[in-house]
Each structure stands twice: as C-alpha cells, then as structure tokens.
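The values are calculated or read from the model by the stated rules, or taken from the named source; none is laboratory data. Note that this is a predicted model, so its numbers are computed, not measured. With ideal geometry, Cβ positions are generated from the backbone for all residues, glycine too; neighbour counts draw on all protein chains shown. Protein only, heavy atoms only, side chains kept; ligands, DNA and RNA dropped before computing areas. Shrake-Rupley method; radii C 1.70, N 1.55, O 1.52, S 1.80 Å.
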Amino acid sequence: MVDRQIRTFDVTDSAVIDRMLAVPREKFLPASLEPLAYSDSALLLPGAAGERPRSLLPPLVLARLLQGARLLPTDKALVVSAGSGYSTALVAGLAADVVAVESDPSLYGALRGSLDAFGLTQVRTLQTPLVVGAPNDAPFDVILIDGGVAGRLDPLLEQLKDGGRLVTVQQMADGACKAVRYDKADGATGYRILFDASAPVLDAFRPVEEFTFS
C-alpha cells in the first residue's frame, strides 16, 4: 500500500510514511472488510441500527491529510469521526497527546477495543456528537476530521490553539470536494486547498438546512 499508493500520491513526509508502515489497517476493520484493507477506495463501516454506514477515507487521502496537518511530536491532536480507530492509531504515533471522538455507539465500542488491543490505551476516547468535539480537552494543535464536511465547523475551529490546524475533505459551494487545511492565527481562521479529494459528507457536518436526525 505504501509503495504503490502512498508514495506515488506525493506523500514525502518520512514520519507519516513510517507510521503507515507500522499500523496494519486490517487490525482496525471488521473481519468482513479485512480483504479490502489495502484497497484505494473508501470502505463502509457498519454502524448501530438506524445509523448510516460510516465511510473511511482511502489510505492515500488520509496520508496526504496527515502530511498537510504538519503534525509535530509535541502536538495535542483531536480525531473527529474516529470510526474503528485506524486514523487515530496513525495520529497517536505522530503526536504527543490524542483524543478521539465518535458518535455511533457501535463504532465507539470498536474504536476503544481496537486501540486497546493495539496498545494505545493512553488515547482518550469520547462518545459524543461529532460537531461537539472535545471542548473540555481543548485547545488542540491539530484536528483531523476523518470524513467529508460541508459546514458546521465553527465549534471545532474554536477548539484550535492559535497556530493550530484542522484538516478534512470539504464539499465546496460549487459541489466539488477538496482536501483543505484551516489555519488559526490571531484568533481568526482561514483555509487553503491542499489537493483534490472526495469523501461522503458526514451527516453531522451538513449545513443546518440539510441536516436530518436519521
């Protein structure tokens, strides 16, 4: 996966590459999805009854987001929409302190179990609405949203430190999707486009007028 997908997709950060090599993606997937662990397509995680399946970012998109986040070994990081824990496990090897947020009760159980099984018991996990984030643990140097967004980012941007970064895949006003990084400076935030990418928009991050409580 690293040689055929990650390196060929302009991922040059050695720390990110090393972490991708160190964390076996199949350990964070249900048995039915293990044969597809190194596919370059998004995978759907089954969730709790009444919840929509959660789409995981393809590894190459996730790797470039992590590179774009410019994680430092001293950073405090938040992973939102942590799913079954793969992105959290990657971040845990790149930052000093990690908090992971998941709203789906079934996925939350898988998240905690997979992190513990992989020896990442120090990662703090919260079952809470994704848009809420982890205000009691804020501020953060880096926030990674493992999925697509179209709005409702203000509560998370408020949880960034000055100099902090938030990375995600965002659906733009024209409908196109781009990987973006929000940077916070002097209390204000702005974003820059990192690369073209696509990801289904998470229900929690749809604009209010489109949001449904399904």
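Regarding R7, is this residue among the charged types (D, E, K, R), in a loop (DSSP other than H, G, I, E, B) and modelled with pLDDT under 85?
Here the answer is no, as R7 does not meet what is asked.
When you go through (1) at pLDDT 95 or above; (2) in contact with a Leu (Cβ under 8 Å, 6 or more places away or on another chain); (3) within 28 Å of F195 (Cβ to Cβ) one by one for D137, which number turns out not to apply?
(3)
Residue pairs, Cβ under 9 Å, 6 or more apart or interchain, first in segment 190-208 and free of Cβ contacts under 8 Å to residues at least 40 places away in the same chain, second surrounded by 13 or more Cβ atoms within 10 Å (Cβ to Cβ) and aromatic (F, W, Y). List them.
Sorted first by the residue in segment 190-208, then by its partner, the pairs are G190/Y182; Y191/Y182; R192/Y182.
Kindly provide the set of residues from segment 76-115 that are open to solvent by 10 Å² or more (accessible area, probe 1.4 Å), assigned to a strand (DSSP E or B) and touching a residue at least 40 places away in the same chain (Cβ under 8 Å), ordered by number.
Within segment 76-115, K76 is the sole residue that qualifies.
I'm checking my understanding of the structure. Among residues of segment 71-83 that are of a type outside the set (A, V, I, L, M) and in contact with an Asp or Glu (Cβ under 9 Å, 6 or more places away or on another chain), which one is modelled with the lowest pLDDT?
Among those residues, the one meeting the criterion is G83.
Would you confirm whether or not segment 59-70 contains a residue that is basic (K, R), surrounded by fewer than 23 Cβ atoms within 10 Å (Cβ to Cβ), modelled with pLDDT under 90 and in a loop (DSSP other than H, G, I, E, B)?
No, segment 59-70 contains no residue that is basic (K, R), surrounded by fewer than 23 Cβ atoms within 10 Å (Cβ to Cβ), modelled with pLDDT under 90 and in a loop (DSSP other than H, G, I, E, B).
Condition test on P73, is it farther than 19 Å from S198 by Cβ, open to solvent by 10 Å² or more (accessible area, probe 1.4 Å) and in a helix (DSSP H, G or I)?
no
Of all residues in segment 126-147, which are under 20 Å from V208 (Cβ atoms) and in contact (Cβ under 8 Å) with a residue 60 or more places away in the chain?
Scanning segment 126-147 gives P129, L130, V131, I145, G147.
For segment 118-130, does any single residue satisfy the condition of being modelled with pLDDT of 95 or more and under 24 Å from A188 (Cα atoms)?
Yes, that holds for at least one residue.
Check L33, L43 and return the single one that is surrounded by fewer than 19 Cβ atoms within 10 Å (Cβ to Cβ) and either without any contact (Cβ under 8 Å) to a residue 40 or more places away in the chain or farther than 19 Å from T125 by Cβ (or both). Give the derivation first.
Details: L43 fails: surrounded by fewer than 19 Cβ atoms within 10 Å (Cβ to Cβ).
Only one candidate qualifies: L33.
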